[in-house]
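A quick write-up on the structure given underneath.
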Amino acid sequence: MLAQLAPWPVADPVTLTTSTLSVTLPAPVTRVTPVLVLVSGDTEPSVTSGQLQAGQQEVGVQVRLRTGDERGVLVLIAGLTGLLAAKVVADA
């Protein structure tokens, strides 16, 4: 059985620019925590992973996108929470 993920209390936790997708949690993690990011593409989604170190609450992953494009973003923070959103790519 799957457990429900915790809600994401930060108003806008994902920032998407032409070069970076940043994710901000409401509080620092207490241990190394894997992060999985999927960003929709023109033909296929791009899948990127990263990790939050103990004491961090923000992680950034590199992307290559065009300004003004709208992309679907799925962010999964292992054991904590997840977010699915539509984002418009901003200048870096």
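Under the condition of being touching a Leu at 6+ places or on another chain (Cβ under 6 Å) and either in contact (Cβ under 8 Å) with a residue 60 or more places away in the chain or more than 17 Å from Ala85 (Cβ to Cβ) (or both), the residues counted in segment 24-40 number 2. If you scan segment 41-92, which residues turn out to be of a type in the set (S, T, N, Q) and either touching a residue at least 40 places away in the same chain (Cβ under 8 Å) or in contact with a Ser or Thr (Cβ under 9 Å, 6 or more places away or on another chain) (or both)? Of everything in segment 41-92, those that are of a type in the set (S, T, N, Q) and either touching a residue at least 40 places away in the same chain (Cβ under 8 Å) or in contact with a Ser or Thr (Cβ under 9 Å, 6 or more places away or on another chain) (or both) turn out to be Ser46, Gln51, Gln53, Gln56, Gln57, Gln62, Thr67, Thr81. Among the numbered conditions (1) within 15 Å of Val29 (Cβ to Cβ); (2) small (Gly, Ala, Ser); (3) at pLDDT 95 or above, the only one that Gly50 does not meet is (3).
Count, please, the residues in segment 58-86 that happen to be surrounded by 14 or more Cβ atoms within 10 Å (Cβ to Cβ) and modelled with pLDDT of 90 or more. Residues in segment 58-86 being surrounded by 14 or more Cβ atoms within 10 Å (Cβ to Cβ) and modelled with pLDDT of 90 or more: 14 in total.
The values are calculated or read from the model by the stated rules, or taken from the named source; none is laboratory data. Remember, predicted model here, so these are calculated numbers, not experimental data. For neighbour counting, all protein chains shown are included, and Cβ atoms are generated from backbone atoms with ideal geometry for every residue, glycine included.
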